[in-house]
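The values are calculated or read from the model by the stated rules, or taken from the named source; none is laboratory data. As the structure is a prediction and not an experimental result, all values here were calculated from the model. Here the Cβ positions follow ideal geometry from the backbone for every residue, glycine too, while neighbour counts run over all protein chains shown.
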Amino acid sequence: MANIETTGVRESIVVAIKSKTDKLTFDADNRLAVQNPPNLDVLLSTRASETTLSAIKSNTDNLDVLLSTRASETTLSEIKSKTDKLTFDADNRLAVQNPPNLDVLLSTRASETTLSAIKSKTDNLDIALSALRDFFRPLIKGSLFNQAVTANTNIFSSDLTPSLATTTNPSHLRIFACFNASGVLSVVKTKGTTTVTMQLNGGGALSANCLYAFDIIVETGESVNLQYSVNATALDLKVIEISSSVV
């Protein structure tokens, strides 16, 4: 009876084991076919290889700073709020708006050609202005200081001719005269072959040692000289030409 019972127990164990082994399956190469655990729901070959992980590691080895030192979401959001305002043209170039003062098209402003043309005109402006200043600057045509003059004789060795007079604008000759003796001062004017003598101060004698001033007009083609009616010393005698444009 003991052997029979033992045999029966062994038989039941074998049957139990067989019920388990019956569930085993094998592949074509008689290798035990193991089912994937529930979470292994994709092929292992689709997962990262050692080579890929090594490459990733080589890059992450340089991540040697704290993540807290990197830009926060708040900072990135602030940056994004600015970049969201950027616009681009059809060629993906950044579209830059005109500053407030650029309120007209650049093409409406003077070009280099225009400015060069203006410059060519103004290059001689200094010369022209200098000539213009000289034109309006009074010119001393004759001058004596404390010199003797002979009665009724031309005082200046050469007649005085205008430099600023034109065919349409005469010149003014301003005469300043002071003699040490009383006498009549006359203007001797020549035009062509004709000479006339004209007394200043209404023909009245100038007082000795007194300064007088007279203006006369001289045209182009005319010349003048001065005479005094007595022998005297010209304490100061000047003839100044002034353009009629500034008188």
Selection count, region 211-225, where residues are part of a loop (DSSP other than H, G, I, E, B) and farther than 12 Å from ALA177 by Cβ:
3
Which helices (runs of 4 or more DSSP H) sit wholly inside region 26-140 and have at least 3 residues that are modelled with pLDDT under 75 and over 30 Å from HIS172 (Cβ atoms)?
none
Mind checking which pairs have a first residue in region 153-164 that is farther than 17 Å from SER186 by Cβ and a second that is part of a loop (DSSP other than H, G, I, E, B), Cβ under 7 Å, 6 or more apart or different chains?
PRO162/THR220
Among the residues of region 177-195, is there at least one that is over 20 Å from ALA148 (Cα atoms) and either in contact (Cβ under 8 Å) with a residue 40 or more places away in the chain or in contact with a His (Cβ under 6 Å, 6 or more places away or on another chain) (or both)?
no
Name every residue in region 169-221 that is over 59 Å from the mean Cα position of the chain (by Cα) and of a type in the set (Ser, Thr, Tyr), in order of residue number.
SER182, SER186, THR193, THR194, THR195, THR197, SER207
When only residues in region 183-204 that are of a type in the set (A, V, I, L, M, F, W, C) and part of a loop (DSSP other than H, G, I, E, B) count, which is farthest from ASN231 (Cα to Cα)?
LEU200
What pairs come up if the first residue lies in region 25-49 and is surrounded by 10 or more Cβ atoms within 10 Å (Cβ to Cβ), the second is aromatic (Phe, Trp, Tyr) and modelled with pLDDT under 80, and their beta carbons are under 8 Å apart, counting only those six or more places apart or on different chains?
ALA33/PHE26
Name the one entry in ALA177, ALA208 that is in a loop (DSSP other than H, G, I, E, B) and within 15 Å of ALA232 (Cβ to Cβ).
ALA208
